[in-house]
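Participant: Before we start, here is the structure in question, set down as structure tokens.
Please treat every number below as a calculation from the coordinates, not as lab data. As the structure is a computational prediction, the values presented were derived from the model and not from experiment. All Cβ positions, even for glycine, are placed from backbone atoms using ideal geometry, and neighbour counts span all protein chains on display.
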Amino acid sequence: MAHDPTQPDRTALLLCDLQNDFLHPQGAYGRAGQTAPAIAAVPARVKPLVAAVRARGGLVISTHFTLVPGRGGEPMISPHLKQLRPFLARGDFASGAWGHAVVDELGPADIAVEKVAFSAFYMSRLEWVLRKAGVERLLVSGIVTNGGVASTVRDAQVRDFAVTVLDDACAAFTPELHQTAIEALRPVAAVATVASALAELG
């Protein structure tokens, strides 16, 4: 799916879940050995676009996966996530904590949005923020391609945002998972590279 060029000041670069707890060696996933080279490479790849979007009047918006503390401070974790990631514990992805923040290489964003599920639109203020800011187009970078990225892109498309997925600025735990997710998103989003997005921004 292709989109006509949109005014830069109507564009937002969405950084999906590029947080310390996912990416930093001392974060929750790093301590558990849950990483992949492609995931670790995402911040450096998207960094030039962060500056370019701002220079042309666009917004940089970060989404932050959040584990809300419940009784006794224990995090509320969905059963499917607890099964997949049994190492998640108290203090991980806690709002305001170091692990919850976007990685230093990219932050802070112009606007930060907390999320509690794969999609950054689910029970969050993301759509409200985008409408108030006059955003019509999203450039999407983040992790993981087959999880938070795919869910957020699909939810953006049904809300009539023009979405471009940055293939080389997204990643999954295996190249195969990433590529399968990218191909599945082509009917609902444009697929581009960081270089082509930079060229379009001028």
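Participant: Please give the FRET efficiency for Glu176 paired with Met123, using the beta carbon to beta carbon distance and R0 = 30 Å, rounded to the nearest 0.05.
Facilitator: So the FRET efficiency works out to roughly 0.45.
Participant: Note down the magnitude of the dipole of the chain about its Cα centre, charges +1 on Lys and Arg C-beta and -1 on Asp and Glu C-beta and zero elsewhere, to the nearest 20 debye.
Facilitator: 380
Participant: Calculate, in nm to one decimal, what Arg131 and Glu183 gain on full extension: separation in residues at 0.36 nm each, minus their alpha carbon distance.
Facilitator: Taking 0.36 nm per residue and subtracting the Cα distance, the gain is 15.9 nm.
Participant: Would you mind putting 192-200, 80-88, 158-166 in packing order, based on average other-beta-carbon counts within 10 Å, highest first?
Facilitator: Packing order, densest peptide first, comes out as 158-166, 192-200, 80-88.
Participant: Within 10 Å, count the other beta carbons around each residue, average over each peptide in 168-176, 65-73, 15-23, and list them highest first.
Facilitator: Sorting 168-176, 65-73, 15-23 by mean packing, highest first, produces 15-23, 168-176, 65-73.
Participant: Between His80 and Ala55, how high is the FRET efficiency from 1/(1 + (r/R0)^6) when r is the Cβ-Cβ distance and R₀ = 30 Å? Nearest 0.05.
Facilitator: Once the sixth-power term is evaluated, E becomes 0.15.
Participant: Nearest 5 percent is fine: what portion of the DSSP beta bridges confined to the chain is antiparallel?
Facilitator: Of all bridge pairs located within the chain, approximately 5 percent are antiparallel.
Participant: How much length would be gained if the chain were fully extended between Ala40 and Thr193, taking 0.36 nm per residue of separation minus their Cα-Cα distance, in nm to one decimal?
Facilitator: Fully extending the segment from Ala40 to Thr193 adds 53.3 nm.
Participant: Another question, if that's okay. Read phi for every residue in region 64-74 and hand back ³J(HN,Hα) as whole Hz from Karplus 6.51 cos²θ - 1.76 cosθ + 1.60, θ = phi - 60°, with x for Gly and Pro.
Facilitator: Coupling constants for region 64-74: 10, 4, 10, 9, 7, x, x, 4, x, x, 6 Hz.
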